[in-house]
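Asker: Sharing a structure with you now.
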Amino acid sequence: MPLKSLKILDFSTLLPGPFATMMLSDMGAEVLRVEAPGRFDLTRAIEPTDKGGVSYVHQTLNRSKRSIGLNLKSPEAVELIKELIKEYDIVVEQFRPGVMAKFGLDYNSLKDINPKLIYCSITGFGQTGPYKDRAGHDINYMAISGLASYTGTKETGPLPIGVQAADMGGGSMHAIAGILAAVIERSQSGEGQYVDISMTDAAFSLNAMAGASAVGGGLDTGLEDSLLNGGSFYNHYETKDGRYFSVGGLEPAFMKQLCEAIGRPDLIKNGLTHTPEAQVPLIDALTVAFKEHDFAHWHEVFLNLDACVEPTLSVKEAAEHPQILERDMVVELQGEHGLINQIGAPIKFSKHQPKYDFVGCPIGTHNDEVMAELGFDTDKVEELKSKGVFG
């Protein structure tokens, strides 16, 4: 596997860190979750659950990851982490700034033990700045980064989109990029480094198009104000039976097929003229046309056209789409209560297949196994248990 040489200690919970380490694990990294027994983890509590009451979200985000339960307030637990650091070369954590330092497990405390250590912190606002200690969630990072300001409609205002763009597109993906960049640099210098990921920074960087004009020219993009956010025909259109189709034929060849399919070739020029006055007739025609027939009709019409028109599917429908299935994007794993389908790894390698070992497991499942690897005998493990080191 591409990342088989990497061993990661994962202290993260919720979504950004676990999604990042799941992707790294799928590519071959060995991930050991360090979890605090009794600490609330939304991904374990969120519904729906399988027959045994275990969250599907948790089982997916934490597949192939071993788990140890440690009470980090215990000095013995901290010493165990320091022993593991000698063997593990990457740390991922998602606490507020300063929390790991209180445990004596911050980067400066650990790099002397393992100079090759790569230590990645994922936080809402980063390790510096006036907001560094402020609480937040995806919707807040989307808001403060400007992303939400042009995502919605003039009638409704900004929308709470269903995908956690700042958490994953911001936190997870940038953490992966930062970690792997540090791994490449370490192969040259022999030394690790600290990687500071702010979900707000990363979300702000996703303003690739609207941000260019705002930062470079002082020109903000408003709701339904641009070609791609509702200010043109580029949108979703409702069918007679209440379903939707996405329409995105921006280029001339696609626009021609689109207008011919709805019986309005006279509107091709309108679609290619990006002014509100030109766009309105095409938007109105698309709205009327899609409402005249049901989903099945339009699916049949556009199935064999290359017009950048596709049905707006539910996630369940997407999981059954032939393109998704052909790409092995749905995989089957054995869970504690039977077989479970999960979303597969999106990165394809010519030499390797993704690694799927087992679904996310209960806290502390691998305590004894990990302690044995550190050289602790049964008596020592029992002694640590009696001291509450494992929670």
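Asker: Just checking, does the stretch 287-302 include any residue being at pLDDT 95 or above, under 15 Å from residue 232 (Cα atoms) and either assigned to a loop (DSSP other than H, G, I, E, B) or open to solvent by 40 Å² or more (accessible area, probe 1.4 Å) (or both)?
Answerer: Yes, that holds for at least one residue.
Asker: Moving to a separate point now. Among (1) β-branched (Val, Ile, Thr); (2) farther than 30 Å from residue 386 by Cβ; (3) crowded, with 21+ Cβ neighbours inside 10 Å, there is one condition residue 46 misses while meeting the rest; what is its number?
Answerer: Against the list (1) β-branched (Val, Ile, Thr); (2) farther than 30 Å from residue 386 by Cβ; (3) crowded, with 21+ Cβ neighbours inside 10 Å, residue 46 comes up short only on (3).
Asker: Check residue 323 against each of (1) at pLDDT 95 or above; (2) more than 30 Å from residue 391 (Cα to Cα); (3) assigned to a loop (DSSP other than H, G, I, E, B); (4) not aliphatic (A, V, I, L, M) and name the one condition it does not meet.
Answerer: Just one mismatch for residue 323, condition (3).
Asker: Can you name the residue in the stretch 247-262 that is assigned to a loop (DSSP other than H, G, I, E, B) and touching a helix residue (DSSP H, G or I) at 6+ places or on another chain (Cβ under 7 Å) and, of all such residues, is least open to solvent (accessible area, probe 1.4 Å)?
Answerer: Only one residue fits best here, namely 249.
Asker: Could you say which residue among 232, 226 is over 19 Å from residue 16 (Cβ atoms), at pLDDT below 95 and among the small types (Gly, Ala, Ser)?
Answerer: Exactly one residue qualifies, and that residue is 226.
Asker: Taking the stretch 326-350 on its own, how many of its residues are free of Cβ contacts under 8 Å to residues at least 12 places away in the same chain and either part of a loop (DSSP other than H, G, I, E, B) or touching an Asp or Glu at 6+ places or on another chain (Cβ under 8 Å) (or both)?
Answerer: Qualifying residue count for the region: 2.
Asker: Also, quick follow-up: When the residues of the stretch 107-163 are narrowed to those that are surrounded by fewer than 15 Cβ atoms within 10 Å (Cβ to Cβ) and among the β-branched types (Val, Ile, Thr), which ends up farthest from residue 222 (Cα to Cα)?
Answerer: 113
Asker: Please identify the pairs in which a residue from the stretch 207-223 that is touching a residue at least 60 places away in the same chain (Cβ under 8 Å) has its Cβ atom under 7 Å from the Cβ atom of a residue that is open to solvent by 70 Å² or more (accessible area, probe 1.4 Å) and of a type in the set (Lys, Arg), counting only partners at least 6 apart or on another chain.
Answerer: From residues that are touching a residue at least 60 places away in the same chain (Cβ under 8 Å), the pairs are 223/154.
Asker: Related question: List the pairs whose first member sits in the stretch 93-110 and is under 20 Å from residue 175 (Cβ atoms) and in contact (Cβ under 8 Å) with a residue 24 or more places away in the chain, whose second member is surrounded by fewer than 20 Cβ atoms within 10 Å (Cβ to Cβ) and of a type in the set (Ser, Thr, Tyr), and whose Cβ atoms are under 9 Å apart, counting only residues at least 6 apart or on separate chains?
Answerer: Sorted first by the residue in the stretch 93-110, then by its partner, the pairs are 97/128; 100/109; 107/194.
Asker: Of the conditions (1) open to solvent by 40 Å² or more (accessible area, probe 1.4 Å); (2) at pLDDT below 95; (3) closer than 20 Å to residue 33 by Cα, residue 369 fails just one. Which one is it?
Answerer: (2)
Asker: Suppose we filter 322, 281, 311 for residues that are of a type outside the set (A, V, I, L, M), farther than 30 Å from residue 361 by Cα and buried (at least 17 other Cβ atoms within 10 Å of the Cβ); which single one remains?
Answerer: One residue alone meets the criteria, 311.
Asker: Hey, does the stretch 188-201 have a residue that's among the hydroxyl-bearing types (Ser, Thr, Tyr), more than 20 Å from the chain's Cα centre (by Cα) and either loosely packed, with under 14 Cβ neighbours inside 10 Å or modelled with pLDDT under 95 (or both)?
Answerer: yes
Asker: Right, something else. Does residue 370 qualify as being part of a helix (DSSP H, G or I) and in contact (Cβ under 8 Å) with a residue 60 or more places away in the chain? Break it down stepwise before answering.
Answerer: Working: part of a helix (DSSP H, G or I): yes; in contact (Cβ under 8 Å) with a residue 60 or more places away in the chain: yes.
For residue 370, the condition - part of a helix (DSSP H, G or I) and in contact (Cβ under 8 Å) with a residue 60 or more places away in the chain - is met.
Asker: Please verify whether residue 269 is outside any loop (DSSP other than H, G, I, E, B), open to solvent by 60 Å² or more (accessible area, probe 1.4 Å) and under 26 Å from residue 162 (Cα atoms), treating the condition exactly as stated.
Answerer: no
Asker: Among the residues of the stretch 87-105, are any out of contact with any helix residue (DSSP H, G or I) (no Cβ under 6 Å at 6 or more places or on another chain), crowded, with 16+ Cβ neighbours inside 10 Å and of a type in the set (D, E, K, R)?
Answerer: yes
Asker: Quick one: is residue 350 over 30 Å from the mean Cα position of the chain (by Cα) and of a type in the set (S, T, N, Q)?
Answerer: No.
The values are calculated or read from the model by the stated rules, or taken from the named source; none is laboratory data. None of the values given here were measured: they were computed from a predicted structure. Note that each Cβ is placed from the backbone with ideal geometry, even for glycine, and that neighbours are counted across all protein chains shown. Surface areas here come from the heavy atoms of the whole protein model, side chains and all, with no ligands, DNA or RNA. Shrake-Rupley method; radii C 1.70, N 1.55, O 1.52, S 1.80 Å.
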